[in-house]
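See structure below.
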Amino acid sequence: MPNTVIHISDTQSNDQRSRNVSSHPQHHRHTHSDSYDACCVCYERPTLPLVPPLNFAMVASGVYRSGHPNKQNFSFLRKLGLKTIMYFAVEDYPPEMKHFVEHEGIEVLHFRMEGNKEPFVEVNPEDMSQALVKLLDERSHPVLIHCLKGKHRIGCLVGCLRKIQRWSMTSIFDEYRKFAGSRILADQEFMETFDHDKVPYDPKYQPVWL
């Protein structure tokens, strides 16, 4: 098996941060199968069009966003040559997605993060900061960031990234609404109050577009 690490960032417990769930020792990717009988998940379908995940878009060079991929998207994702996937949701990956990332040798960072929901649930700024540190490390690129629908949690993450890039709040909200539709007040307040200057990313490994 190629090297696949699933890293948990759990907003419920500090003890679960920086914990490896599974690790496999080899560091190469599997050869893609052209036989459906060999593996229906890894099967290449060269005659079919490539289908991107829901709400897929490029955020910056080497950084992509989307909703939760499914097996119809796997051939498309292979073309991106992903090194890392950052997954923002409470739910675990389904078996076919686990198989895909193991087969492709993709590192998965799973942040067990709920979205902002008034009045009682809000994203932990420390978890957001931790995610941005990884996102701003070019050694993790190419990277896909996704939640379930690619709207609110990813919208907040990208919005906080744009603050680091010194975008205006008007431009940040415009981009957020492009994917999320109507503006969610809790998300807006989170992005406005997030202290991007305290994100401890390493300038040595920051991407060239920052």
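The values are calculated or read from the model by the stated rules, or taken from the named source; none is laboratory data. Keep in mind that what you see is a predicted model, and the values were worked out from it rather than measured. Note that we place each Cβ from the backbone using ideal geometry, even for glycine, and neighbour counts take in every protein chain shown. Just the protein is used for accessible areas: all its heavy atoms, side chains included, with ligands, DNA and RNA removed. Shrake-Rupley method; radii C 1.70, N 1.55, O 1.52, S 1.80 Å.
None of Val143, Val123, Val101, Val158 is more than 30 Å from Phe76 (Cα to Cα) and surrounded by 17 or more Cβ atoms within 10 Å (Cβ to Cβ) except Val123. If the condition is being among the β-branched types (Val, Ile, Thr) and part of a strand (DSSP E or B), then region 48-67 contributes Val59, Val63.
Among the residues that make up region 79-92, is at least one of them open to solvent by less than 10 Å² (accessible area, probe 1.4 Å), modelled with pLDDT of 95 or more and among the basic types (Lys, Arg)? No - not one qualifying residue is present in region 79-92.
When we screen Lys151, Lys178, Lys198 for residues that are under 16 Å from Ser66 (Cβ atoms), among the charged types (D, E, K, R) and surrounded by fewer than 18 Cβ atoms within 10 Å (Cβ to Cβ), the only hit is Lys178. The single condition among (1) surrounded by fewer than 16 Cβ atoms within 10 Å (Cβ to Cβ); (2) modelled with pLDDT of 65 or more that Ser75 does not meet is (1). Picking from residues in region 33-69 that are among the polar types (S, T, N, Q) and modelled with pLDDT of 95 or more, the one that is surrounded by the fewest Cβ atoms within 10 Å (Cβ to Cβ) is Ser61. For region 118-136, taking the residues that are more than 22 Å from Pro203 (Cβ to Cβ) and part of a loop (DSSP other than H, G, I, E, B), the one that is modelled with the highest pLDDT is identified as Asn124. Residues in region 137-185 that are part of a loop (DSSP other than H, G, I, E, B) and either closer than 22 Å to Leu80 by Cβ or at pLDDT 95 or above (or both): Asp137, His141, Pro142, Cys147, Leu148, Lys149, Gly150, Lys151, Gln165, Arg166, Trp167, Ser168. The test for being out of contact with any Gly (no Cβ under 7 Å at 6 or more places or on another chain), modelled with pLDDT under 95, in a loop (DSSP other than H, G, I, E, B) and closer than 26 Å to Leu82 by Cβ holds for Gly115.
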